[in-house]
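Beneath this line is the structure, given in structure tokens, with notes to follow.
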Amino acid sequence: MSASPSAVGSAPQVPRVIAEWGAATAQPTLIAIGSLHGNEPAGVRALERVARKLAEHEPAFRGRFVALSGNRAALATGQRYLAADLNRFWTPETIARLRSGAPADHDPAELHEAAELLATIERSRGEGVTYVLDLHTASGASAPFAVLADTLANRRFARLLGLPIILGLEEQLDGTLLSYLETLGFVTTGCEGGRHDDPAAVDHLEAATWLALAGAGILAPGEAQAEVERARALNQTAGRALPAVSEIRYRHAIVPENEFRMEPGFQSFQAIAAGQLLGQERSGPVVAPFGGRIMLPLYQSQGSDGFFLSRPVRPVWLEISALLRRTRLGRLAHLLPGVSRDPERPDVLLVDRRTARWLALEVFHLLGYRRERVEGNLLVVTRRNETP
């Protein structure tokens, strides 16, 4: 079953379900979401391209594919969001509100978007593994890359896209859709295609979708081979000169009162030095706290992230972490000096950094935990949901 693609325009012209292919009982399932931010139409355009080509060639499926639009109301206006960022919306408080009943007419537009989107995702979930691919673009120039919550299943999924991988971004951001879906057992990854207005960004997001369809086993073997090979060549070329895996080490958070302005000319993956001038705020110059590579510099009026800094990760550490997680040694981490379990949440560890000063956050990353928050000398980490 399929749905005809539509043009990007006003909200009624962009359906929530852009396209749907494969039987409802087929497995596995891929759900691809475009334009969670309304000023990022490339995601919807990429999914519409895929839908057109599927309708034209009708390849055989052995799984199911569902293509969805994100913030339809904001997409109609070209704004990142209207009342609230739909990709910072998925907090425990908002989830409780969504689960309590349908939004009222006077509720913010994004609450209506979130309620409908979540219902569609849950309705689209397959009987086997369900993958979710979240398509984005950035306000600054960027090579395409994949982002993920660092579980072993998510790593395998992200590698299908053939792009550089960025770890740790979700630890810096509260309320992202993929972080919430991960807690529900979905296998997830995000893809940043490039700058909002760069036509190549649509190409890279389309390519990521084809590679996910083929690699996850949604398409029958050998189907749409020309599209898949073209996608693989495109993404491999885009990431060839970049680190294969990097980790976000710093986020420069901003609020409107800061009056933050990024210095012109920066692009993602650009090498920067400690102390280099990166922006200006009411309080004065903003400089890099350490050397690394800048990611997602902000060149738009909406947003709470001025920029991020990353550093490469050596492949050997990923291999070590995979081994440690498979042996489940992380479940014994509460026995380490200065580490205790949260009495109300068994998957949460409380780390007294005065006692466990040798236990850096990187150690907990190896064991399969993510940073939840830091309160003075207390580091709070949560064990990731490792989907088989």
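A few notes on this one:
- Across the range 1-125, the volume of the C-alpha convex hull divided among the residues equals 103 Å³ per residue.
- Whole-number accessible area per residue in Å² for the range 83-156, which is evaluated in the context of all protein chains at 1.4 Å: 38
- Ranked from largest to smallest solvent-accessible area, with a 1.4 Å probe on the protein heavy atoms, Glu223, Glu182, Glu259 come out as Glu259, Glu223, Glu182.
- His136, His106, reordered so the largest accessible area comes first (probe 1.4 Å): His106, His136
- Remark on the range 178-261: Rg and Dmax equal 16.8, 54 Å (Cα only).
- Computed P(r) (all Cα pairs; the chain; 20 Å bins; percent): 27, 59, 13, 0
- Rounded to the nearest whole angstrom, the semi-axes of the ellipsoid equivalent to the range 67-152, taken from the Cα gyration tensor as √(5λ), stand at 23, 20, 12, largest first.
- GNM result for the chain, Cα springs below 10 Å: residue of Ala26, Ala143, Ala114 fluctuating most strongly: Ala26
- By accessible area, using a 1.4 Å probe on protein heavy atoms only, the chain has 53% of its surface on carbon and sulfur.
- Cα pair distances of the range 287-373 binned at 10 Å [whole percent]: 14, 34, 29, 20, 3
- Unit charges at the beta carbon, dipole of the range 294-376: most positive-side option, Gly368, Val339, Leu329: Leu329
- Quotient of Cα Rg and 2.2 N^0.38 Å for the range 334-388, N being how many residues it contains: 1.05
- Radius 15 Å from Cβ of Arg49, net charge of other residues (Lys, Arg +1; Asp, Glu -1): -1
- Size of electric dipole in the chain: Cβ of Lys, Arg +1 and of Asp, Glu -1, about Cα centre, debye, nearest 20: 1220
- Under Stokes-Einstein, with the Kirkwood radius over Cα pairs as Rh, the value for the range 234-348 at 37 °C and 0.692 mPa s is 191 µm²/s.
- Shown here for the range 58-122: GluC sites (Glu not before Pro) in loop regions (DSSP other than H, G, I, E, B) with at most 10 other Cβ atoms within 10 Å, of which there are none.
- Across the chain, the longest run free of exposed loop sites, meaning chymotrypsin sites (Phe, Trp or Tyr not before Pro) lying outside DSSP classes H, G, I, E and B with no more than 15 other Cβ atoms within 10 Å, spans 1-289.
- In the context of the full set of protein chains, the range 262-316 has a per residue accessible area of 46 Å² (1.4 Å probe).
- Take every DSSP beta bridge whose two residues both sit in the range 73-194; close to 25 percent of them are antiparallel.
- Rounded accessible area of Glu247 (nearest 10 Å², 1.4 Å probe): 20
- In Å², nearest 10: area of Ser340 left accessible to a 1.4 Å probe: 50
- With respect to the chain, whose longest principal axis is taken over its alpha-carbon atoms, helix 42-57 is tilted by about 40°.
- In angstrom, the C-alpha Rg and Dmax of the range 152-291 are 17.9, 58.
- Centroid-to-centroid separation of the range 98-157 and the range 277-341 [C-alpha atoms, Å]: 22
- Stretchable slack from Ser304 to Arg52, in nm (0.36 nm times residue separation minus alpha-carbon distance): 87.2 nm
- Under the combined filter of DSSP loop state and at most 16 neighbouring Cβ atoms within 10 Å, the range 316-363 retains these GluC sites (Glu not before Pro): Glu344.
- Of Trp21, Leu296, Leu318, farthest towards positive along the dipole that unit charges on Lys, Arg, Asp, Glu beta carbons give the chain: Leu318
- With the charge dipole of the chain set up from +1 on Lys and Arg Cβ and -1 on Asp and Glu Cβ about the Cα centre, the Cα lying farthest toward the positive end among the listed residues Ala51, Val228, Asn258 is that of Val228.
- Among Arg370, Arg354, Arg62: highest mean-square fluctuation, GNM of the chain, C-alpha pairs under 10 Å: Arg354
- Exposure check, 1.4 Å probe, all protein chains in place: Val363 carries approximately 50 Å² of accessible surface.
- Taking Lys and Arg as +1 and Asp and Glu as -1, the other residues whose beta-carbon sits under 11 Å from that of Glu247 total +1.
- Counting only DSSP beta bridges with both residues in the chain, the antiparallel share comes to about 65 percent.
The values are calculated or read from the model by the stated rules, or taken from the named source; none is laboratory data. What you are looking at is a predicted structure, and each value in this text was computed from that prediction instead of being measured. A quick note on method: Cβ atoms are made from the backbone with ideal geometry, for glycine too, and the neighbour counts reach across all protein chains shown. Accessible surface areas use protein heavy atoms only, side chains included; no ligands, DNA or RNA. Shrake-Rupley method; radii C 1.70, N 1.55, O 1.52, S 1.80 Å.
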